[in-house]
Every structure is written in structure tokens, then in C-alpha cells.
Amino acid sequence: MALADGLAHLALAAITVLAWLGLGSLLLGRGPTVSDSVLHLLNRVGVGALAFALLTFGAGWAGLLYRVGYVPIFAGAAILGTVESGMWLRSAARPQLRHWATWQLALLGLLAVYVVIDAVATLAPISSPDALLYHAADPALFVKAHTIFAIPWNSSSYEPFSVEMLVLDGFLLWDHAQGAFAPLLLALVALAAVSGFAYRVAGRSAALLAGAIFFAQPFMVWEATSTFIEPGLAVAVALAGWNLYRFASEQERDALVLAGIFAGGAAGVKYVGLIAAVILAATAAVFFRRLLNYRAALSFAIPAIVVAFPWYLKNALVTGNPFYPFIFGGLNRSAASELSATTRSFGYGHAPVDLALLPARLLAAATPFDGGQYLSPLFVIFAPVGLLLRHARRVIEIVVGGVFVYLLVWFVTTQQARFLMPVLPVAAVLAALGILALAAEARLGRVLAVTVTTGALLVSLGASLVYAKQFVPVVTGAESHDQFLYEKVSNFEGVQWLNRNLGTRPRLATDIWALLYLRMPYVTFGTQGDLLPDDAGPKATRAFVVHNRITDVAVLDGDVARRRQVGYLPARLIARVPVRSVQSRTRGHFGPLHYMLVYAIGG
Amino acid sequence: MNLLRAKTPPPTSRTEAARIKHHRPQPSLSGRDRTKLRVRRVYLLAVVWVCVGSALYAIEVLKLVRGLG
């Protein structure tokens, strides 16, 4: 049964890509096009994904999130996509694998292994904390209500939500696992864009190396399979970059329009995508300054603004601040200060010496960058080596300059490895060029390039297999979903208790993060105390309970501030549920046993 | 366009080359030698960086392996 379900999910995931291609082909049928057949195909897939995200967003605000409405559109687009892909396959040149070198076949095989690893990890029930808190939890709320609404307890839900819309599409199509496939599919499209672009600028070897550097790493396995949004950033930036390059090399103005669409798409995935889009545009302006004129600038800027606009307009209408909760603020004082402290808590510091030590720390001690230890070292080691290519040095200097500016912004804002994703596609191509340039230079260079690349890919494969191994029992049916969630989700015992004992009628206020699996209506006090600050007194606490029509409260016994606030209410303790936090899913590390305290209000 | 392949430099006429040679003081190293030297330096720098980077990453790998244990 588990196997049949898994295969059905995989089949629907493949059909989802066809649906993206179908809708993209429909929209670009009479619109902008490029003469590069691979880029044209990927443009259609990318535009289709963007269109589905924006359609879902629009349908959500119109209160039209119904399976009966979504499935026919999905099916029609998938049929069109099947026809389009069939035509493309008939005209595309077949790869002559027998002419490939052994190491090239090995890299292709490695990428195939990673696709399997990623598919297995995605098929497991959603268990990453951020997905449980909002990436998956919010789309689940929208599907249940058939409408999109503001979620004031989590400021992250005001970020542009394009990838979450595609996750929502998966929920509409079938279930949580189907939704979780959206980021993986985007990562695969990004892989195709990275390899395709590298192939165009430097041939097959560069394509395979760039693809392996980008995709064959535990960091990407984690990103693509945890219902995160960053793969959406990668694909948008990769396609925008490739189209910009196309404009620079072939002067196809349509490529500029498409680049604008994808730059807007990046800005519609998360605020960090807006930063990436602006830096990409500035880098491109330097790159082809001789081609730059008023019309070219507008050809890029107008589609970018049109595609990104709905997300910022929504925030402006809902909160009065298009960049809520950043730039113009809007959070209460303590929440704003906690959000700022949290975003600045990653990494080692923001001093110039920390910037100078950044490459060394990313290689040797990257854990404080939140998952940075799983990032492939090949980006940092080999991307600068690309400067060995003397005849392309000017181009590479400009691109490295753009990457450096992005890194600088990343360094001064929030040093989370995940937000490096927008530069990973271009860093992968640079690193592939660096490896090939070093190998071509002399015997020592060749030995080093081969040894270091092989070593890093093998270490990455080992780490990825260790990570994916934890998902195999539940995917094969050897472990039950509940048992898996007990082991991987913090305080899941508490969630199960609430579902079992409170049913679906009460309205719960809670401070636990595993919101995706709660069956009853809920609010939280706010991820940073957005709705009820930690230091709020009796009056504000009672107002919070009345305003949100709270009937029950579930808080962890270590949350002293919330326990104090429960004391301001006419609350009766009805249960002390033993729970434990998960400190490492992969290593199976748990925190000490503690309690979730459940109170009935007014009883 | 293939970034891995160098473009052929534009041909310089013999008279132009002779003129340049005539008017320029003879350097101890020719332009070509200096380019070669610069290339060599960049290459050695790249080799050193790759070695240092790999050694640094080896520290991270050791920590990951220990963490698993």
C-alpha cells in the first residue's frame, strides 16, 4: 500500500511538471520566446509554475480554493503539457551516452541517485519545524477554509508566498506529501537550468559538473525535501540569469522580458528574492552596459514589477506596509526586537573580521549558519578559481562581483545558509568552470581538481544517504506515520493528545510549533509574540483571549511568560501531557522529558 | 560561445609590430613573459587556495563524522 501510494505521488509529481509546462506554453504561445530550445522549454515550465502560484493566490483571496475547481485546470494544463513535451522530445537531440567519458557517466549516475534520495525523503510525512509552523501549515489552513486570509501570529506568512501556493496546489490535488513535492520539482527545474546554462557556455563536462555541484549535496537534499521555499528562489534566479545572458549574447529582446518575469518571480517567493532580483538586474546592467537603453530597461522592469506586485499589494492592503514586518515595521516593540535578534543570531558576527573569515568558516565551521555544514565545499573552493579563465575573466569578474554584493547583503542581514540559495546556481557554474580551468592548467592542477571534487562529492553522498536513511522505514511502510512523527516532530505527543481529547470544536491558543498536525482551529501567541508579547499584562492577555475566542490553552511548562499569563485568566488545568523536543531528526537526539500544560478557559 | 576556449587574438601587422618594438624601451621581461608570469602566479594562488580550502573542509567532515558517532 505504501509503495503504491508512493508511486502514485511520484506519477502526480511528474504530471505536475507537465501541467506547469502546459500552462506556460499556453501563456507564452503568442508571447515572448527565445530561439534556444532548452531555455524555451524551461521558460515555459517556469512561467507555468509562476502562473499556477499566482492563480492559486488569486483564487484564494476570492474564496475559491476547491478541489473541484483546481483539478480540471490542472488536468487540462497537464494534457497540453504532455503534447508539448512530446513535440519537444521528438525534435530534441538524443544524448549519445556511449561517447561520454566514464567520469561523465558517473556524474550522471550520481545525479540520478540524488533524485531517488530526494524522492524518498519527500515521500515521508512533513516533519521539518519551519514547514510545520508555516510553509505547510498555512497552506493547510487555507485549504481547510477554502480561502486565503492573513495569519497575524506569524510574521513570516506575510512574506511573498509563491512556493507555498504550489504546495497548496499539491494539497488540493491530493495530500500533504503531494504538496511537499512542489519544492523538489522546483529544485529539479533549477538543476536543469544550471546544467543547461553551463552546457551552453562551456559544454557537457561543465554541465555535468555544475549540476553535481548544485544538486548533489546534503544541503540541497534538505532544502528540496523539507517543504522549504528556497528552491523557488534558485529556479527563478537561474532562469532570469540565463535569459539575461541570452539577451547579452544574442540580443534577443524577448529574453529580457522573460528575465524580468523570473526576476519578479524571485521577488514573489520571499523578500530575499527581491534583494536577489535587484542585485541580478544591477549586475546585468554592468554586464551589458553597451546594450543598455531606456527600452531595454523597461522590457525587464515592467514584467518584473507586474509579476511581483500582487504580493506587495496584498501586504500594503492588509497591513499598510508592503514589506511587512520589515523596513516600515508594524510589529509590536518586543516582537520586532525579537525578530531582529533572531535574524541577526546566525553566523559568528557582523564585524569586518567576520567577513574576512567567512570563506574559512563556511568550509570548516559552518554550523552557526543554520545547516551551513551541509553546504558543498566545492562552491567556496572552486568558484574563485574560475578567474583562471583569462579570456573570460572580465565576464567572470562582473559575475563574481554580483555574487559578492549579494553575499555582503546576506552577511549584514541574516546569515542563514538557506538564503545563499539565490547565488548557488551561478556559483555552481563558476565552480564547474574553475574545476575545468584548474584541471586544464597543469598536472598538479588536474590531480587536485579531480581529487578534491571526487572527495567532496563522496562525502556529500555519504551525508545525504545518512540523512535520507531516516525516511526509508516510513516510506516503505515498515514504520507507521504516527511512530515516525513521534520520533521526528517536537512535542508530537502533545499534538496527538489535543487531537484525541479536544476534538475539532474548541479554539486553541498554543506556543507549540507542530501546527500542521493540529485538527482544531488554533492561534498562537505569535512566533515572536506578535499577537501577545511575553511581557503583556492581565488586560492585554484577557483581550487576546476574548478577541480570538479562545476556549483552551496549551503551553509548554518551560514557557514561564505564558504560564504567568494563563494565571491572569479564569483557566482550569485539565492535563499535564509528557512531551519531548526533537533536537536532531537525523541523529535521533531528543531533549529532556517535559510537560505540555492544557487549560480550559472559563470552566 | 564557449568560455573554456580562448579566442584567437587579432593579427597585428608586421609594420605595426616593428613600430611598437622600435618606440618601446626594451624591458627586461617581454610582455608575453610577464603575462606568463602573471598566469603562473594566479595558478599557484589557485592551487594553494584549493589545498587550504580542502584542509579546512576536512575539519568540518571530521566534526560531522564525530557527531554521527
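Read-outs throughout are calculated quantities, based only on the coordinates presented, and are distinct from any laboratory measurement. Because the structure is a prediction, the values reported are computed rather than measured. So basically every Cβ, Gly included, is an ideal-geometry build from the backbone, and we count neighbours across all protein chains shown.
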Span-like helix ranges in chain A, DSSP H, alpha carbon extent 27 angstrom or more, Kyte mean at least 1.0: A:2-28, A:37-61, A:102-123, A:176-202, A:294-319, A:393-412, A:443-469
Report the Cα-based extents of the range A:140-193 along its three principal axes, largest first, to the nearest Å. 37, 24, 13
Considering every Cα-Cα pair within the range A:206-323, what fraction, in whole percent, is farther apart than 19 Å? 51
Summed side-chain charge close to A:LEU424 - residues other than A:LEU424 whose Cβ falls under 12 Å, Lys, Arg +1, Asp, Glu -1: -1
Long-range tail of P(r) for the range A:90-180 (Cα pairs > 23 Å, %): 45
Quick one: P(r) of chain A from all Cα-Cα pairs, 20 Å bins, percents rounded to integers, in order of increasing distance. 19, 55, 24, 2
May I ask you to sort A:GLU397, A:GLU479 by Cβ crowding, counting other Cβ atoms within 10 Å and putting the fewest first? A:GLU397, A:GLU479
In Å, the Kirkwood hydrodynamic radius of the range A:1-160 over pairs of distinct alpha carbons? 18.5
Euclidean distance between Cα centres, the range A:431-470 to the range A:311-339, Å: 43
Signed unit charges on C-beta, dipole axis of chain A, positive-most listed residue A:GLY386, A:ALA365, A:LEU168: A:GLY386
Relative exposure of A:VAL400, B:VAL52, judged by other C-beta atoms within 10 Å (fewest first): B:VAL52, A:VAL400
Where a Cα-Cα gap under 19 Å defines reach, which aspartates and glutamates qualify for B:LYS36, not counting those fewer than 8 residues away within the same chain? A:GLU441
Taking the Cα centre of the protein assembly as shown as origin, sum charge times position over the Cβ atoms of Lys and Arg (+1) and Asp and Glu (-1), and report the length of that vector in debye to the nearest 20. 2260
Can you pull the three principal axis extents for the Cα set of the range A:504-603, in Å, largest first? 44, 30, 22
Percent of Cα-Cα distances greater than 26 Å, calculated over the range A:288-440: 45
Hey, what number do you get for chain A at 222 nm if only DSSP H runs of n ≥ 4 count, each worth -39500 (n - 2.57), divided across all residues, to the nearest 500? -21000 deg cm²/dmol
As a percent rounded to 5, the proportion of antiparallel DSSP bridges among beta bridges in the protein assembly as shown is 70
With no solvent and one point per C-alpha, what does the Debye sum give as log10 I(q)/I(0) for the range A:135-230 at q = 0.18, 0.20 Å⁻¹? -0.81, -0.91
Can you give the three extents of the C-alpha atoms in the range A:441-492 along their principal axes, from longest to shortest, in whole Å? 56, 23, 10
Row for the range A:256-377, column shape: gyration tensor on C-alpha, a ≥ b ≥ c, rounded if a/c < 1.5 i.e. under 1.5, prolate if a/b over b/c, else oblate; value oblate
Hey, any idea what Rg/Rh is for the range A:351-434, computing Rh the Kirkwood way over Cα pairs? 0.96
Considering the options A:GLN483, A:LEU556, A:GLY567, tell which one lies farthest towards the positive end of the dipole of the range A:481-596, charges being +1 on Lys and Arg and -1 on Asp and Glu at the Cβ, about the Cα centre. A:GLY567
For the range A:227-381, give the magnitude of the charge dipole about the Cα centre (Cβ charges: +1 Lys/Arg, -1 Asp/Glu; no others), in debye to the nearest 20. 300
Between the range A:487-502 and the range A:229-277, what's the alpha-carbon centroid distance in Å? 42
Proxy reagent accessibility, fewest Cβ within 10 Å first, across A:MET421, A:MET596: A:MET596, A:MET421
